[in-house]
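No lab work stands behind these numbers, since they all come straight from the coordinates. Bear in mind the structure is a predicted one, so any value in this text is a computation, not a measurement. For neighbour counting, all protein chains shown are included, and Cβ atoms are generated from backbone atoms with ideal geometry for every residue, glycine included.
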Amino acid sequence: MRKIKIFSSSHGRSLAKSITWRFLATLTTMSLVYLFTSNFKTSVELGGLELMAKLMLYYLHERYWLRIKWGLKNEEKMV
């Protein structure tokens, strides 16, 4: 029999997930702003603002949820 390892998420992994998600979401925001305004400068400015705000919020959200035990099982299985 052997133990199954349970992995935790590092700060670096949370940061990498935040960055890749924000890149995709910001491109979507910029595209929509451009679609409605036809103004490239405005779409880039709003995209940049949205990128910084939501990147920080997502990272904090991710780290907070690591402290919540709800829905997690704390067990080691012997296989």
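Could you compute the net charge surrounding Thr20? Neighbours are other residues with a C-beta less than 15 Å from the C-beta of Thr20; K and R count +1, D and E count -1.
+3
How about the chain: which chymotrypsin sites (Phe, Trp or Tyr not before Pro) there lie in a loop by DSSP and see at most 15 other Cβ atoms within 10 Å?
Here the sparse-neighbourhood loop sites are Phe7, Trp70.
Cross-link partners among lysines for Lys3, C-alpha distance below 29 Å, same-chain residues fewer than 8 apart left out?
Qualifying lysines at Cα under 29 Å: Lys17, Lys69, Lys73, Lys77.
Sequence gap at least 6, Cα distance under 8 Å: using those rules, report the relative contact order of the chain to the nearest whole percent.
The normalised contact order for the chain reaches 50 percent.
So which GluC sites (Glu not before Pro) in the chain end up in coil per DSSP with only 14 or fewer other C-beta atoms within 10 Å?
Those that pass, being in a loop and sparsely packed, are Glu75, Glu76.
Rg and Dmax of the chain, Cα atoms, in Å?
Here Rg and the maximum Cα pair distance are 18.7, 63 Å.
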